[in-house]
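The values are calculated or read from the model by the stated rules, or taken from the named source; none is laboratory data. Worth saying up front: this structure is predicted, and the values here are computed from it rather than measured. Every residue, glycine among them, receives a Cβ derived from its backbone with ideal geometry; neighbour counts consider all protein chains shown. These area figures cover heavy atoms from the full protein model, side chains too; ligands, DNA and RNA do not enter into them. Shrake-Rupley method; radii C 1.70, N 1.55, O 1.52, S 1.80 Å.
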Amino acid sequence: MGSAEKNPLLSSQKSSDSGLQAVLHPLVLLTISDYITRHTLRSQEGPIVGALLGQQNGREITIEHAFECATAAKDGNVILQADWFAQRLDQMETIYKTPQLGLVGWYTVLPKSGPTPAILPIHHWILSEYNESSLLLAFHPEEAVQHSAGSKLPLTIYESNYEADEPKADQGEDKEMRDGDPPLRLKFRELPYSVETGEAEMISMDFVARGAGNATVVEPREQKKTSAKSAAETDIKGKRLAETGAKDKTQESQGHMLSREDEEMISALTAKANAIRMLQSRVNLLTTYLERLPPSYLSPNNATNLAEGQQTTPSHTILRSIQALVNRLSLLVPSDTAAYELEMLSEANDVHLMELLDNVMQSTSEARDVGKKYSIVESAKSHNRKATDSHPGNLGVNLSFSGLSGPGDLAI
């Protein structure tokens, strides 16, 4: 049985029937992940609920911004605070006027199996008060902890509509004929989505990526107070030891502080490592796909002895894409490898030659300075000898030797 049959709130219709397409922006993902992280680390009570802002153009809905919402309990159900939500939504719509953004849906944390009855009060309220075609973004935390390169985002976007809840008739059995239309119930249907990024979002994402290289965990205030009380209860000697250890830790932490250049280098290297890791995973995926093709699609040297159940179903579209990718690889490899290596060797020799010339010029400049100093010393000694020989009783020495040149002066 599929997941749609297990969950009664999921629709049995295909997602491609409606033709609706969602466009997700990375700022929404950053906002949701930040809210979930703060909610978890602070051990806050209540569900994680937020609103989604965007715009609808025909059958395309963009999800560009998000903000968290305040909830309240009423009759055992979780609902939104109407006054607070209306005021906050009006503020957000005032901020995002160009282009004008409106409420297109809301988000919460749900299991991979799909929506639960607990979310129906909030969804019904949003449908009746703000948007009749509101979307639901379900974040799956159990998938977020699985760090696998190239995996899908841990979320699912649903659209809701009212469908007739009529059980299917079993074959070979007579069913009672009933007059009137069957009752309509709210069902959720998974919606395909794509991710788009703007220039402003790239700036914020770059800032977050740089800050991740030097991120640290801050202790909660309660732990700091507890540690302070325990330190106060110790004796004087223990206090001195604790203070000495704290100073050592502070000096050690200051010694490990990263500069701005180090943070930029770490973020750049991290981005390149993630890109290489993702590229390697995609190459391994393509290799596995090609290895599992039926023997008729492979050459005799590359054929594998796999059972029919382990073989992949050939897709000519994917095979044509792989063939086009392989054909473009020749553009990255030079046609004349020997000439390319000779040119690279010539450029490397030019660089080394410039380094040697720079070292020679620095050595010459240092030798010139030494020659000037030696000339001054020798001139002073010669002048002192002449003054002593001509005036034996005069011990005064005139140390003004401007304009004199000696054998150690080098002219370059």
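Before moving on, here are some points about what is shown:
- Exposure check, 1.4 Å probe, all protein chains in place: His25 carries approximately 30 Å² of accessible surface.
- At R0 = 25 Å, FRET efficiency that the Cβ-Cβ distance of Thr317 and Glu163 yields, to 0.05: 0.15
- Accessible surface ranking for Thr62, Thr116, 1.4 angstrom probe, highest first: Thr116, Thr62.
- Nearest-0.05 FRET efficiency for Asn359 and Met257, computed from C-beta distance (R0 25 Å): 0.10
- Distance between modelled label sites at Asn7 and Ala275, nm, 7 Å Cα→Cβ extension: 3.6 nm
- Projected label distance in nm at Val377 and Ala268, using a 7 Å step from Cα toward the beta-carbon: 4.6 nm
- Between the beta carbons of Thr288 and Ala324, assuming R0 = 22 Å, the FRET efficiency works out to 0.70 to the nearest 0.05.
- Counting only heavy atoms of the protein chains and using a 1.4 Å probe, Trp84 has close to 90 Å² of accessible surface.
- Above-threshold pairs, the threshold being 22 Å between Cα atoms, out of Lys112/Lys272; Lys74/Lys112; Lys97/Lys152; Lys6/Lys112; Lys74/Lys97: Lys112/Lys272; Lys74/Lys112; Lys97/Lys152; Lys74/Lys97
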